[in-house]
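To start, the structure under review is shown below, and the notes come after it.
The values are calculated or read from the model by the stated rules, or taken from the named source; none is laboratory data. Please read these numbers as outputs of a predicted model, since none were measured by experiment. Virtual Cβ from ideal backbone geometry, glycine too; neighbours counted across all protein chains shown.
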Amino acid sequence: MDSATRDVAPSLSSTLRVIVTGTSSDAHTWNLVFLQLLLEESGHEVFNLGPCAPDALVADRCAELGPDLLVVSSVNGHGASDGRSLIRLLRSQASTAWLPVVIGGKLGTSHRGLEKAVRDLVEAGFDSVFEESLSVASFTSYVELLSGGAHR
């Protein structure tokens, strides 16, 4: 399955300021550390909000830090439901409505309805959705596009 992606305008800078976070109900940390290291090794500045980040905290930190990208990760299977509430909040605020936001990982507790969940997340406002069967290369290609195609 391919990721679902909205059109993305490349950044003027090759170095991105990125926030990574878990969903409000996801207590897993290793996925966030992996994403942080992956992004830092590509030369990006990363702020890791950690697991179980409440939607309001994520929105506040995005407004405060002005990142170029927000990466939301889920391991527990609640990514689709938790993600919808987060993206609604972000898209409703002027300070974060423009922000590129992606979500990935285990988005549901079964594979039934996964394609619909991915479409629904894009329709809700996510710029791209990387469900768990996609390779890391799909995500890094997206980040490279967003950063203007710079190779590190």
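Check region 94-113 and report whether any residue there is of a type in the set (D, E, K, R) and in contact (Cβ under 8 Å) with a residue 60 or more places away in the chain.
No - not one qualifying residue is present in region 94-113.
Okay, residues lined up against (1) on the phi < 0 side of the Ramachandran plot; (2) within 14 Å of the chain's Cα centre (by Cα); (3) not small (Gly, Ala, Ser):
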{"site": "Asp60", "(1), (2), (3)": "yes, no, yes"}
{"site": "Pro67", "(1), (2), (3)": "yes, yes, yes"}
{"site": "Ala80", "(1), (2), (3)": "yes, yes, no"}
{"site": "Ile87", "(1), (2), (3)": "yes, yes, yes"}
{"site": "Ala94", "(1), (2), (3)": "yes, no, no"}
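Any idea which of Gly104, Gly83 is under 21 Å from Ser25 (Cα atoms) and in contact with a Gly (Cβ under 8 Å, 6 or more places away or on another chain)?
Gly104
Within region 11-35, which residues are in contact (Cβ under 8 Å) with a residue 24 or more places away in the chain and assigned to a loop (DSSP other than H, G, I, E, B)?
Of everything in region 11-35, those that are in contact (Cβ under 8 Å) with a residue 24 or more places away in the chain and assigned to a loop (DSSP other than H, G, I, E, B) turn out to be Ser11, Leu12, Ser13, Ser14, Thr15, Leu16, Thr23, Ser24, Ser25, Asp26, Ala27, His28.
Are there any helices (runs of 4 or more DSSP H) wholly within region 36-152 with 3 or more residues that are at pLDDT below 95 and surrounded by fewer than 19 Cβ atoms within 10 Å (Cβ to Cβ), and if so which?
So the answer is 114-124, 136-146.
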